[in-house]
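Here is the structure we will look at, set down as structure tokens.
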Amino acid sequence: MTNLPEHAGTPGAPEMRAGDADRERVAHVLREAAGEGRLTLAELDERLDAVYAAKTYADLEPLTRDLPAPGTAAPPATAAGADWRPMEGAPSWKSGIGVMSGFRRSGVWNVPRKFSAFAFWGGGKIDLRDARFAEDRVTIRALAIMGGFEIIVPDDITVHVKGLGIMGGFDQRASGPGVPGSPTVVVKGLAFWGGVGVRRRKSSRQKKRQKELGGE
């Protein structure tokens, strides 16, 4: 019987039935990888579901194929947090105003410690997917009066939404933790006869890494 290459403790033949100990061993590797920032929380949840549904070694092996074995050195990588640091030459905005009009902050831009957004009979889009952060914690203060904002955040950063909606909405469903070392974005403010929507989406950085690892 030929053994598979060792990947996260799954060294059996493909058709061999996996046991509880095998599944727990793989789950431990996945949790360690998420703690090191190799997997997003969404990816961790998806893979853990597959782990506990696995019946054979062939089901388990692909789940850790793109991860280093525990205790081995990872390939050289960019310094921690480098993807978040401000970029020289990139635009930097401290505010956005939409009065009977709209504004857009997107692409590669440097986000200051505090960003203020105001909309009256208007709105704005604040896209942080490719943004760089001046500090580890930034605050977006959004005031929407008969207007609205769309705020897009990458799904690997920590987000706290604390705003209030009066005859309007302040969506807090995007609140949640990010990967270790990621910046924290706090969204607060007021929506009066208006709305502030905060959504998580994959950044181009995440899509590039996923492609390099052979993902879709």
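Of the strands (runs of 3 or more DSSP E) lying entirely inside region 49-129, those containing at least 2 residues that are out of contact with any helix residue (DSSP H, G or I) (no Cβ under 9 Å at 6 or more places or on another chain), modelled with pLDDT of 85 or more and among the aromatic types (F, W, Y) span 114-120. Counting the residues of region 144-188 that are among the β-branched types (V, I, T), under 26 Å from W84 (Cα atoms) and open to solvent by 40 Å² or more (accessible area, probe 1.4 Å) gives 0.
Taken over region 183-195, the criterion of being out of contact with any Asp or Glu (no Cβ under 6 Å at 6 or more places or on another chain) and either free of Cβ contacts under 8 Å to residues at least 24 places away in the same chain or closer than 15 Å to V138 by Cα (or both) is satisfied by T184, V185, V186, V187, K188, G189. Screening region 191-216 for residues that are at pLDDT 80 or above and open to solvent by 90 Å² or more (accessible area, probe 1.4 Å) and picking the one that is nearest to G147 (Cα to Cα) gives W193.
Against the test of being surrounded by fewer than 16 Cβ atoms within 10 Å (Cβ to Cβ), closer than 17 Å to V185 by Cβ and among the β-branched types (V, I, T), the options V108, V138 yield a single qualifying residue, V108.
The values are calculated or read from the model by the stated rules, or taken from the named source; none is laboratory data. In this text, all values refer to a predicted model and were calculated from it rather than measured experimentally. Glycine also receives a Cβ, built like all others from the backbone with ideal geometry; neighbour counts cover every protein chain displayed. Accessible surface areas use protein heavy atoms only, side chains included; no ligands, DNA or RNA. Shrake-Rupley method; radii C 1.70, N 1.55, O 1.52, S 1.80 Å.
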